[in-house]
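The structure under discussion appears below in the form of C-alpha cells.
The values are calculated or read from the model by the stated rules, or taken from the named source; none is laboratory data. Keep in mind it's a predicted model, so treat the numbers as computed, not measured. Note that we place each Cβ from the backbone using ideal geometry, even for glycine, and neighbour counts take in every protein chain shown.
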Amino acid sequence: GESVGLHLPTLSVQEGDNSIINCAYSNSASDYFIWYKQESGKGPQFIIDIRSNMDKRQGQRVTVLLNKTVKHLSLQIAATQPGDSAVYFCAERTGANSKLTFGKGITLSVRP
Amino acid sequence: ETGVTQSPTHLIKTRGQQVTLRCSSQSGHNTVSWYQQALGQGPQFIFQYYREEENGRGNFPPRFSGLQFPNYSSELNVNALELDDSALYLCASSYADRGSSPLHFGNGTRLTVT
C-alpha cells in the first residue's frame, strides 16, 4: 500500500549548521511532493514543493531533493536558526487535486 | 491576502454529541480539504470539496460529513462523537485549476471528546 515515512523521529542540530531531513515514500505513482513545517499550536505551514519531473528545487534557505529511483525525498535547511525548530512533515500526492498522504513527522531541535 | 481561518479554536464535547467546525478558505482558492491530526501523528485526509461537491474521501465513516458554500467556506460535521474523535481538525484550501498547487492550512480546531 502507499505510505510515506520518515527515517528518524528527531533531529538535533547546532545553530548555524545545515540540516537534512529525509523521507521515504512507497507509491511510485506519486507525482507531487511537499514539505510542511508545523509549530506547536499551529497548522502545517507550506515550505517547498516539487513535481516528479524535477529532482531538485531551491527556495530561500531550503532545498528539496527528489530521487525517484530509490523513492527518497529530502529537505535541506541552510544555516539552521532557532526559529526552524518545529515538526517537519513530508507529504505526497498522486494525481492533481487528490489527497495528501503525510508521514508521521520529524522533530527538528536547534541547539543555541 | 487572507489565509485559511478556522473556528472555534478549541471545543469540548461529550461522547454521543454532534459538532460543527467551520473554515474560511484563503482568498482565491476554490477547493477545501479537511484533515484529522491525532497527537504525535501526521494529518489524515477526511474529504475534499470542489464546487460544493465532495470529490474525494478518506477512510472515515459516514458520520463525518461536510459542506462547501458558494463563497468557498466550508463546514465539517461529526455526529455521534466518540472518544477517538479527539484530535486537531485542520482545514486546507487550494486552487484546483492551477495544476499542482500546494494546500494552505489553517491553525485547526482542537476537539476534545469526554
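Data table
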{"quantity": "Residue in segment A:40-55 that is more than 17 Å from B:G42 (Cβ to Cβ) and more than 13 Å from every other protein chain (Cβ to nearest Cβ) present", "calculated": "yes"}
{"quantity": "Close pairs from segment A:91-103: first under 16 Å from A:Q38 (Cβ atoms) and facing chain B (nearest Cβ under 7 Å), partner surrounded by fewer than 19 Cβ atoms within 10 Å (Cβ to Cβ) and at pLDDT 90 or above, Cβ under 6 Å, at least 6 apart", "calculated": "none"}
{"quantity": "Residue that is surrounded by the most Cβ atoms within 10 Å (Cβ to Cβ), among those in segment B:28-46 that are farther than 12 Å from B:Y89 by Cα and within 11 Å of another protein chain (Cβ to nearest Cβ)", "calculated": "B:T31"}
{"quantity": "Test result for A:G83, more than 12 Å from chain B (Cβ to nearest Cβ), surrounded by fewer than 17 Cβ atoms within 10 Å (Cβ to Cβ) and not in a strand (DSSP E or B)", "calculated": "yes"}
{"quantity": "Every residue from segment B:47-56 that is surrounded by fewer than 17 Cβ atoms within 10 Å (Cβ to Cβ) and at the interface with chain A (Cβ under 9 Å from one of its Cβ atoms)", "calculated": "B:N55, B:G56"}
{"quantity": "Residues that are touching a Leu at 6+ places or on another chain (Cβ under 8 Å) and farther than 21 Å from B:Y95 by Cβ, drawn from segment B:47-64", "calculated": "B:F64"}
{"quantity": "Conditions (1) more than 30 Å from B:T5 (Cα to Cα); (2) touching a Cys at 6+ places or on another chain (Cβ under 9 Å); number of the one not met by A:Q14", "calculated": "(2)"}
{"quantity": "Residue within segment A:59-72 that is at pLDDT 95 or above, in a strand (DSSP E or B) and exposed (fewer than 13 other Cβ atoms within 10 Å of the Cβ) present", "calculated": "yes"}
{"quantity": "Residue in segment B:14-27 that is more than 28 Å from A:N53 (Cβ to Cβ), within 12 Å of another protein chain (Cβ to nearest Cβ) and exposed (fewer than 14 other Cβ atoms within 10 Å of the Cβ) present", "calculated": "no"}
{"quantity": "Yes/no for B:S65 being within 19 Å of B:D85 (Cα to Cα), touching an Asp or Glu at 6+ places or on another chain (Cβ under 9 Å) and of a type outside the set (A, V, I, L, M)", "calculated": "yes"}
{"quantity": "Scan of segment A:81-110 for residues that are aliphatic (A, V, I, L, M) and farther than 11 Å from A:E15 by Cα, ordered by number", "calculated": "A:A86, A:V87, A:A91, A:A96, A:L100, A:I106, A:L108"}
{"quantity": "Strands (runs of 3 or more DSSP E) contained entirely in segment B:1-98, each with at least 3 residues that are farther than 15 Å from B:T109 by Cα and aromatic (F, W, Y)", "calculated": "B:44-50"}
{"quantity": "Some residue of segment A:89-109 being among the β-branched types (V, I, T), out of contact with any Ser or Thr (no Cβ under 6 Å at 6 or more places or on another chain), at pLDDT below 95 and within 23 Å of B:Y89 (Cβ to Cβ)", "calculated": "yes"}
{"quantity": "Set B:N59, B:N71: member being more than 14 Å from every other protein chain (Cβ to nearest Cβ), polar (S, T, N, Q), without any contact (Cβ under 8 Å) to a residue 60 or more places away in the chain and surrounded by fewer than 17 Cβ atoms within 10 Å (Cβ to Cβ)", "calculated": "B:N71"}
{"quantity": "Any hit, segment B:92-105, residues being more than 24 Å from A:R51 (Cβ to Cβ) and either at pLDDT 95 or above or within 14 Å of another protein chain (Cβ to nearest Cβ) (or both)", "calculated": "no"}
